[in-house]
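Computed from the coordinates by the stated procedures, all read-outs in this text should not be read as laboratory data. Bear in mind the structure is a predicted one, so any value in this text is a computation, not a measurement. No Cβ is skipped: glycine too gets one built from the backbone with ideal geometry, and neighbour counts run over all protein chains shown.
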Amino acid sequence: MSTDSTHPEPAHVAEQRTLDELLRFWAAQHPEASALSNAAVSAEYQLGCPAWLDYRSIDVIVDQLARRFLTHGLKPGDAIAIQLPNTAELPLAILGAMRAGLIACPVSMLWRAHEIEQALVHMPVKGIISVHEFAGYSHGDMMCALAARHVNVRFIYGVGTNLADGQTPISDLFDPTISYSTDLDIFNEFPENDLDDVALVLWTVTSDGFKPVLWSHRELIAAGLQHVLAADVTIADRLLNPYPLTNIVGITGLFVPWLLSGTHLSQHHPFDYDGFLRQLCDEEISYTALPAPIAETLLRDGALVSGELELTRLGSVGWPEANTTIAIASETPPVPVYDIRNLNDMACHITARHAGANPAALELGGVHSLDGQHGPLVLLETRVRGRIQDTGSNSRAMAGSLYIRGLSVPNSATLTQLGHISRNSSNPWVHTGIRCTLVEDAANSALCAPPHAVIYHGGTVLREEELDLLYAGYDGFDDAAVFVVDDPVMGKRILAAAVPAPGASPSLQALKSYLENRNVAPFKQPEQIVLVRQIPRDECGHVRRDALLQQI
């Protein structure tokens with residue numbers, strides 16, 4: 001698609017503007033243009049935000065949220081956790097935090113106290129925004145209990161109805177027709193945010209553990225521009241976002257491109273394939289991104305050539321791992337496909353798929369660049385560092401780890417401080433931990449595997465050692481450890497190997513109840529327990545998984 005000549009190019013719009021200033025820009029450019037939709041979200045998940053909002057309305061809502069945060073004493077540079085479903089309230093809450101100069105810390109709706117406690121160790125927040133009852137779980141009660149244990153948390157804001165005791169309601173702020181007097185919200189002037197101020201925190205799991213990744217406005221915009229340039233996102237598009245704005249794909253692949261292009265964004269929660277197809281049709285969506293297995297199903301089942309859809313491009317999202325990427329036939333797909341690889345939540349790699357290409361292979365080198373005053377500005381560059389190894393059958397290949405750098409790679413991948421991020425002129429390479437082997441006869445591409453002791457499970461990244469400790473803590477086991485099996489949809493299925501305690505009759509349901517009582521996220525529960533004689537460990541106590549699998 002081509003940008004209308006009457007509208008500025010996204011790269012020009014982004015110059016010297018923070019993310020909330022991009023919203024302000026488009027609210028001034030076309031205030032009545034459709035901006036954000038909640039219409040397809042089922043009634044049970046709606047929290048009160050209007051079904052359709054134009055740019056003027058969302059700018060008003062973001063102002064109202066920012067004023068309330070500042071009125072309550074939150075200060076620029078303070079962090080605020082946001083746990084909301086993937087409805088219109090989530091992007092608005094993130095932008096409201098940014099306009100107040102706060103650091104938005106969106107967390108998954110599947111996280112429970114166990115995961116949020118880990119996050120609060122790294123990222124002490126001053127405020128929390130959450131729902132109360134949602135999909136059968138009391139998030140409000142959980143957040144209030146967490147706040148009681150963390151004295152730095154000053155406010156627990158509630159969205160929706162029937163809030164928990166201790167939650168301060170802010171649902172009224174999502175109504176753009178309400179005008180608040182200055183005796184309630186005294187801040188009419190907002191802080192001047194710098195492009196290098198930390199705007200957002202996402203999370204990564206590496207072999208070393210659970211870590212925050214701090215993103216500045218500048219880095220988020222560069223990462224979003226990578227998607228805009230690759231998929232040619234323009235103001236004429238209508239975007240559909242099925243990804244919670246808690247990971248890099250939802251944020252840099254759809255949220256930031258929406259703000260850069262000034263187009264329309266539709267939210268989708270929870271994921272439902274038939275409902276998603278209806279939304280594609282009813283809302284005349286032209287671009288979306290989906291997990292690779294679902295994207296490939298959509299490409300194969302003929303829906304894209306039915307004549308009922310306006311879809312013109314499709315993102316196929318996966319981890320950089322060969323067995324989770326489903327290659328389609330060599331012929332040209334019915335619409336252009338863009339392979340998006342999540343590089344351990346430190347960056348996204350996006351390339352157009354061509355007939356005969358191997359979608360499982362990750363291209364190396366510079367991916368996208370912009371014209372700068374002193375030459376090209378590379379948004380993302382990849383390389384493999386390692387050594388030549390024997391691969392069998394008298395062949396050898398370069399094997400090592402994936403390194404990344406560029407404007408779209410957060411400097412905070414190696415830092416943990418809050419506040420202002422200084423751009424490092426040396427533009428250092430960042431080690432992702434992703435294991436790579438160069439593709440034979442194609443030195444510019446590599447086949448990848450997760451970092452050591454890390455599991456790609458659906459859309460989440462898990463650490464083997466954490467699951468080992470969780471499962472072994474159940475009193476029905478003498479010892480336990482996680483093991484995985486390949487799955488074409490989930491990437492890896494999670495199972496538990498266990499040595500039963502003397503006289504115990506452990507069951508899967510009892511283990512799940514134990515994990516629920518420990519407030520552990522449901523995606524960490526195993527599908528099955530396999531009883532074994534022993535859990536083989538090395539002299540340091542680490543599980544020897546190869547030896548474990550020999551017993552299974």
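Descriptive notes on the structure:
- Looking at region 19-193, the DSSP beta bridges with both ends there are about 25 percent antiparallel.
- The modelled label-to-label distance for the pair TYR137/ALA236, using points 7 Å beyond Cα in the direction of Cβ, is 4.2 nm.
- When you filter the trypsin sites (Lys or Arg not before Pro) in region 476-538 for DSSP loop state and at most 16 other Cβ atoms inside 10 Å of their Cβ, you are left with ARG518, ARG533.
- Magnitude of the charge dipole for region 19-193, about its Cα centre and with charges confined to Cβ atoms of Lys, Arg (+1) and Asp, Glu (-1), is about 400 debye.
- Contour minus Cα-Cα distance for GLU192 and PHE271 (0.36 nm per residue): 24.7 nm
- Computed from backbone phi with θ = phi - 60° and the Karplus coefficients 6.51, -1.76 and 1.60, the 3J(HN,Hα) list for region 59-66 is 5, 5, 4, 5, 4, 4, 5, 4 Hz; x is used for glycine and proline.
- Electrostatic dipole magnitude of the chain [Cβ: Lys, Arg +1; Asp, Glu -1; Cα centre; debye, to 20]: 1300
- Relative contact order (%) - region 19-193, alpha-carbon pairs under 8 angstrom, separation at least six: 23
- Mean sequence separation of contacting Cα pairs (under 8 Å, at least six apart), scaled by the length of the chain, corresponds to a relative contact order of 12 percent.
- From phi via Karplus (6.51, -1.76, 1.60), per-residue ³J(HN,Hα) for region 203-212 in Hz, x at Gly/Pro: 10, 10, 10, 10, 4, 8, x, 8, 9, x
- Cα-centred dipole magnitude for region 454-549, charges only on beta-carbon of K, R (+1) and D, E (-1), debye, nearest 20: 180
- Each of the GluC sites (Glu not before Pro) that DSSP puts in a loop and that has at most 16 other Cβ atoms within 10 Å breaks the chain; the longest unbroken stretch is 33-188.
- The chain: Lys pairs at Cα distance under 26 angstrom, eight or more positions apart or on different chains: 9
- Ordered from longest to shortest, the equivalent ellipsoid semi-axes for region 19-193 are 25, 19, 14 Å, each the square root of 5 times a Cα gyration tensor eigenvalue.
- 5 angstrom amide H check on SER445, placed H, neighbours 5+ away: LEU364, VAL439
- Distances between placed amide hydrogens fall under 5 Å for THR204 paired with LYS211, VAL213, all partners being 5 or more residues away or on another chain.
- Tensor-based shape of region 454-549 (alpha-carbon gyration tensor, a/c under 1.5 rounded, otherwise prolate or oblate): oblate
- Inter-label distance, nm, simple model (7 Å from Cα along the C-beta direction), GLN389/LEU531: 3.7
- Selected from ILE494, ALA79, CYS281, residue furthest toward positive end of dipole (the chain; charges at beta carbon): ILE494
- Between amide H atoms placed 1.01 Å from N, distances below 5 Å from ILE434 occur with LEU402, all of them 5 or more places distant or on a separate chain.
- Table column - 3J(HN,Hα) (Hz), region 504-521, Karplus curve with 6.51, -1.76, 1.60, x for Gly and Pro: 8, 10, x, 10, 4, 5, 5, 5, 5, 4, 4, 5, 4, 5, 8, 6, 9, 4
- log10 of Debye I(q)/I(0), alpha-carbon scatterers only, for region 101-156 at 0.21 Å⁻¹: -0.78
- Extension gain (nm, one decimal) between TRP429 and GLN118, 0.36 nm per residue minus Cα-Cα: 109.2 nm
- Among TYR137, LEU120, TYR55 the positive-end extreme of the charge dipole of region 19-193 (Cβ point charges): LEU120
- For the pair ILE552 and ARG300, label points projected 7 Å from Cα toward Cβ lie 2.6 nm apart.
- For the pair ASN517 and ALA28 in one chain, pulling the backbone fully straight at 0.36 nm per residue adds 171.0 nm over the alpha carbon distance.
- The value for the chain of Rg(Cα) / (2.2 N^0.38 Å) is 0.97.
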